[in-house]
């Protein structure tokens, strides 16, 4: 993903955002894979691992989302429906779903299926959609 630097944006903030933004997606994908393995194996340690990965993904998504919030909504003049705003909203919905998923993963191990796997799938798909649409719209030919 290429970061567009607006003259009003701090170069340090853009660098930190570019560095930390993909990290939560990796944790959520790993949690999704652990959920799928748990559905087929019913080994409780896979569910526990998924809950830790989802929680770590949520914690590590705080800083990039705050930077993105400031870059998109404070002082920037992005057009309505721009790729950056769609990316922001898709990630926001994905994080809300991940929070719900974290609460579902606090249930008894057998109470996690199928809601945990479904929410993990939705979170990963939303984040991938956000990244792909941003990459395709920002591409200059």
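None of the figures in this text is laboratory data; all of them are computed from the coordinates on show. A quick note: this is a predicted structure, and the numbers were derived from the prediction, not measured. Neighbour counts are summed over all protein chains in view; Cβ atoms, including those assigned to glycine, are modelled from backbone coordinates with ideal geometry.
In whole angstrom, note down how far apart the Cα centers of region 33-61 and region 93-134 are.
Between the Cα centres of region 33-61 and region 93-134 lies a distance of 11 Å.
Please rank 108, 35, fewest neighbouring Cβ atoms within 10 Å first, as an exposure proxy. If you can, show how the numbers build up before the last one.
Details: 108 8, 35 28.
Neighbour counts put them in this order, fewest first: 108, 35.
Put a dot 7 Å past each Cα toward the Cβ at residue 93 and residue 110; how far apart are the dots in nm?
Label-label distance for residue 110 and residue 93, simple model: 3.5 nm.
Apply the a/c threshold of 1.5 to the C-alpha gyration tensor of the chain and tell me whether it is rounded, prolate or oblate.
Cα axes put the chain in the prolate bin.
Using a 7 Å offset from the Cα along the Cα-to-Cβ direction at both residue 40 and residue 18, what is the distance between the two label points in nm, to one decimal?
3.8 nm
Using a Gaussian network model of the chain whose springs link C-alpha atoms within less than 10 Å, name the residue from 36, 95, 118 with the highest mean-square fluctuation.
Looking only at 36, 95, 118, the biggest GNM fluctuation is shown by 118.
Under the 0.36 nm per residue contour assumption, what length would be gained going from the current alpha-carbon distance of residue 129 and residue 52 to full extension?
Taking 0.36 nm per residue and subtracting the Cα distance, the gain is 25.3 nm.
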